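Everything below concerns the one structure shown next.
The values are calculated or read from the model by the stated rules, or taken from the named source; none is laboratory data. Here the structure is a predicted model, which means the values were calculated and not measured. Neighbour counts are summed over all protein chains in view; Cβ atoms, including those assigned to glycine, are modelled from backbone coordinates with ideal geometry. What goes into the accessible areas is simple: the full protein's heavy atoms, side chains included, and nothing from ligands, DNA or RNA. Shrake-Rupley method; radii C 1.70, N 1.55, O 1.52, S 1.80 Å.
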Amino acid sequence: MTDAPIKQQNTTGFYGMAIASFSIALGSVGIALLYMDVDVWIRAFMAISVLYLTTSAITLSKVVRDRQEAGQIVSRVDQARMEKILAEHDPFRTP
């Protein structure tokens, strides 16, 4: 008896919402940087900071996802080993 994990898939609407949210957030920061009443070098520094934060957030989400997937694989291997041991075990066999 195996309990196969249910594969969770995101809907197209969820992907669309995530892309739209990311685009709106990045666009609004870009517009704010363009209309900010400061020197050009301050604007450039803020733009680089926003891009660095964005790439760091994307990298962090990938690392968290990869760690979760690796944990699921290890769990499946351990579960398969346990099922094999239980299937091979015969309590009525004499040693």
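Annotation: of all residues in the stretch 73-95 being exposed (fewer than 11 other Cβ atoms within 10 Å of the Cβ) and within 19 Å of the chain's Cα centre (by Cα), the one that is modelled with the highest pLDDT is Ile73. Figure legend. Inter-residue proximity from the stretch 9-33: first residues closer than 21 Å to Phe45 by Cα and free of Cβ contacts under 8 Å to residues at least 40 places away in the same chain, second residues surrounded by 10 or more Cβ atoms within 10 Å (Cβ to Cβ) and hydrophobic (A, V, I, L, M, F, W, C), beta-carbon distance below 6 Å, spacing 6+ or different chains. Indicated pairs: Val29/Val50; Leu33/Met46; Leu33/Ala47.
When the stretch 13-56 is filtered for residues that are under 22 Å from Glu69 (Cβ atoms), open to solvent by 60 Å² or more (accessible area, probe 1.4 Å) and either basic (Lys, Arg) or assigned by the TED database to the domain that holds Glu69 (or both), only Thr55 remains.
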